[in-house]
Amino acid sequence: MKKLLMLTVICLCSSLFLTAQDTIKCSGTVTEWVDGKQKVLSGATVVVGKQISLLVGVERNRGVDTVKGQVAAKSTTDSNGFASVSVPKGFYTVIIWKAGYVPQTYSGVEAKSYKYIGSISKDTSMQGLHTSLAFEKRRSIVDMPDRVPTSNKKP
């Protein structure tokens, strides 16, 4: 019994170690161009996911941009423009968004242990776009009721 318990503990520890290795911390700085110079941008939202896209407000609700698809992680840049997310190894789409700026989408980005840098620019169109960011809820293929009837009575 002791040997079985010890073997179980070793297997659990090994699987936890392997799982931790499969997650990569991706970090980097988001910048903007001001007067021909690159400056850090605080308060930008970084969204990482597989098969995600950004529906711009003019296409749906004016001013509200919506992320569609399965989001793996999201973060907001700090005062130094720095953001960090942890995701499983793989290839992702990265969306950088901030109110009043033109969002940027990078496709086919591989999650590795190095810093990603992205840049966005102010929206100078004055059309009131990119005022807020929303996330579309994913629905399951089959909608399940909140309660399942358990009565055995015949109708």
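What to note about this one:
- Whole-Å semi-axes of segment 30-135's equivalent ellipsoid (Cα gyration tensor): 21, 18, 10
- Dipole magnitude (debye, nearest 20) for segment 30-135, charges at Cβ of Lys, Arg, Asp, Glu: 220 debye
- Cross-link pairs beyond the 19 Å C-alpha cut-off, checked among Lys89/Lys112; Lys37/Lys122; Lys25/Lys68: Lys25/Lys68
- Electrostatic bookkeeping for Pro103 treats Lys and Arg as +1 and Asp and Glu as -1; over the other residues with beta carbon under 10 Å from its beta carbon, the sum is -1.
Readers should treat all values here as calculations from the given coordinates under stated rules, not as data from a laboratory. Remember, predicted model here, so these are calculated numbers, not experimental data. We place every Cβ from the backbone using ideal geometry, glycine too, and count neighbours over all the protein chains shown.
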